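A.B. asks: So that we are looking at the same thing, I have put the structure below in structure tokens.
The values are calculated or read from the model by the stated rules, or taken from the named source; none is laboratory data. Nothing here was measured: the structure is a model prediction, and the numbers come from that model. When we count neighbours, we look across all protein chains shown, and the Cβ atoms used for this are built from the backbone with ideal geometry, even at glycine.
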Amino acid sequence: MAAKTIDTGVRTGNPTPETACNFQARTLNFRPSMSDKQKPLILTGAKPSGELTLGNYLGAIKNWAVMLDQYECFFPIVDLHAITVRYVPAELRRRTYQCLAQYIACGLDPEKSHIFLQSHVTGHTELSWILSCLTPVGDLHRMTQFKEKAAKPGASVNAGLLFYPVLMAADILLYNADRVPVGEDQKQHLELARNIAQRFNQTYSETFNIPEPFISKAGARVMSLQDPEKKMSKSDENPGEAILLLDSPKEIRKKILSAVTDSGREVRMAEDKPGIGNLLNIFSAVTDRSIEELEKEFAESGYGEFKNALADALIAKLEPFQERYRRLIEDKTYMHRVLKEGTEVAQARACKTLSKVYRKAGFIERLR
Ligand code: TYM
């Protein structure tokens, strides 16, 4: 990696109020260029609460990977978000490494972006506390994802589950992100983050950018293979519902061939064909071909032929990714270096914002 120098936000002779982060200027291996500083900033992440799915890839990570040159990119792995539901600590650790290796294998180049763990940067939780004091509880109760998760049989409805969107707002606002590329399921959380930012600005004076959602059309909502009314999710209980990025070719073909389809045999988009519509959307997002083109190509084919062609396309797409992943997951030294460098830049930026926020919110400057 190339040399990287960071602005820690610490100014001699003009001390800024310090927060939990009392750190020295450091030299890293990676230097953000001047043009990097002028680029708009994006921040987005995934939580390591399960194995990444094709939905995560097509709705999110695939789009992030093409933004590296145009934006300054912060890609946390939002591990603190993974503990709002029951989990096994050793699994969380394993999945966090897996998620990191998958980010990189999907094309998130650590030399062109800042990749780090949310739990390594102090500031996410601190800011979320301040923001939570500006967030009506009623707004949180209205969040669709909260309602869905809380309604699951045996769910433990802890305060973290309810406050999840405030932590997400803190993730975004801590870096003053301009844009937040996500899948459609995160739209409501993002709207809340925008409201929280506006409320802070109105209460304490202009501080935060109002972040813009960025939702790509293709792949924005990949649905379950067994229930096309429901989004494909890491937490799906039936393994046939979701394609995992690490599924073997055999598993991929089996899942696609047993995906639910609709009555009839024509391969086309239609309101009464949500199953085929979902597979067409996946096919289109995986191959970057239009739905119309695919409908034409498979006009004379039955579902079986269409599904086999989709399985071939998916296997071909995931094969090079899986090969890169297998090499990366063995290289802990490299992964630690990526995290260390990403964290240092993120921490510096986080401290700067937090100092400003604390000052505006009326806290007395921490004495050194
Ligand atoms: P998570 O981990 O559930 O998902 C990561 C990204 O994948 C997208 N996604 C999908 N897109 C299309 N179809 C699907 N079936 C599908 N499933 C998931 C999500 O929209 C997301 O972009 N709350 C967030 C994580 C988060 C975050 C943030 C995101 C925490 N803080 C700050 C952006 C900015 C979540 O649960 O993502």
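A.B. asks: Would you confirm, using the coordinates I've provided, whether Glu229 is at pLDDT below 95, surrounded by fewer than 19 Cβ atoms within 10 Å (Cβ to Cβ) and in a loop (DSSP other than H, G, I, E, B)?
C.D. replies: On the way: at pLDDT below 95: yes; surrounded by fewer than 19 Cβ atoms within 10 Å (Cβ to Cβ): yes; in a loop (DSSP other than H, G, I, E, B): yes.
Here the answer is yes, as Glu229 does meet what is asked.
A.B. asks: Of all the residues that make up segment 139-196, how many are part of a helix (DSSP H, G or I) and within 13 Å of the ligand (Cβ to nearest atom)? Talk me through it step by step, then tell me what you get.
C.D. replies: Just the residues of segment 139-196 that are part of a helix (DSSP H, G or I), to begin with: 139-141, 144-151, 159-173, 184-196.
Narrowing further to those that are within 13 Å of the ligand (Cβ to nearest atom): 144-146, 148-149, 160-161, 163-173, 184-194, 196.
Count: 30.
A.B. asks: What number of residues within segment 200-219 are among the aliphatic types (A, V, I, L, M) and over 16 Å from the mean Cα position of the chain (by Cα)?
C.D. replies: Of segment 200-219, the ones among the aliphatic types (A, V, I, L, M) are 210, 215, 218.
With the extra rule that they be over 16 Å from the mean Cα position of the chain (by Cα), the set shrinks to 210, 218.
Total meeting the criteria: 2.
A.B. asks: I'd like to know if segment 194-216 contains one or more residues that are free of Cβ contacts under 8 Å to residues at least 40 places away in the same chain, among the aliphatic types (A, V, I, L, M) and buried (at least 21 other Cβ atoms within 10 Å of the Cβ).
C.D. replies: Yes: one or more hits.
A.B. asks: Just to be sure I understand, how many residues within segment 304-338 are crowded, with 19+ Cβ neighbours inside 10 Å and either at pLDDT below 95 or closer than 27 Å to Val121 by Cα (or both)?
C.D. replies: Adding up the residues that qualify gives 4.
A.B. asks: Another question, if that's okay. Is it the case that Ala259 is over 21 Å from the mean Cα position of the chain (by Cα), among the small types (Gly, Ala, Ser), surrounded by 15 or more Cβ atoms within 10 Å (Cβ to Cβ) and more than 10 Å from the ligand (Cβ to nearest atom)?
C.D. replies: Values: over 21 Å from the mean Cα position of the chain (by Cα): yes; among the small types (Gly, Ala, Ser): yes; surrounded by 15 or more Cβ atoms within 10 Å (Cβ to Cβ): yes; more than 10 Å from the ligand (Cβ to nearest atom): yes.
For Ala259, the condition - over 21 Å from the mean Cα position of the chain (by Cα), among the small types (Gly, Ala, Ser), surrounded by 15 or more Cβ atoms within 10 Å (Cβ to Cβ) and more than 10 Å from the ligand (Cβ to nearest atom) - is met.
A.B. asks: Condition (residue is buried (at least 20 other Cβ atoms within 10 Å of the Cβ), farther than 20 Å from Ile172 by Cα and either touching a residue at least 60 places away in the same chain (Cβ under 8 Å) or away from the ligand (no atom under 12 Å from the Cβ) (or both)) applied to segment 73-84: is it met by at least one residue?
C.D. replies: no
A.B. asks: Here is a check on your reading of the model: is Glu111 in a loop (DSSP other than H, G, I, E, B) and either within 29 Å of Glu72 (Cα to Cα) or not assigned by TED's automatic domain parsing to the domain that holds Ala60 (or both)?
C.D. replies: Numbers: in a loop (DSSP other than H, G, I, E, B): yes; either within 29 Å of Glu72 (Cα to Cα) or not assigned by TED's automatic domain parsing to the domain that holds Ala60 (or both): yes.
When the stated conditions are applied, Glu111 passes them.
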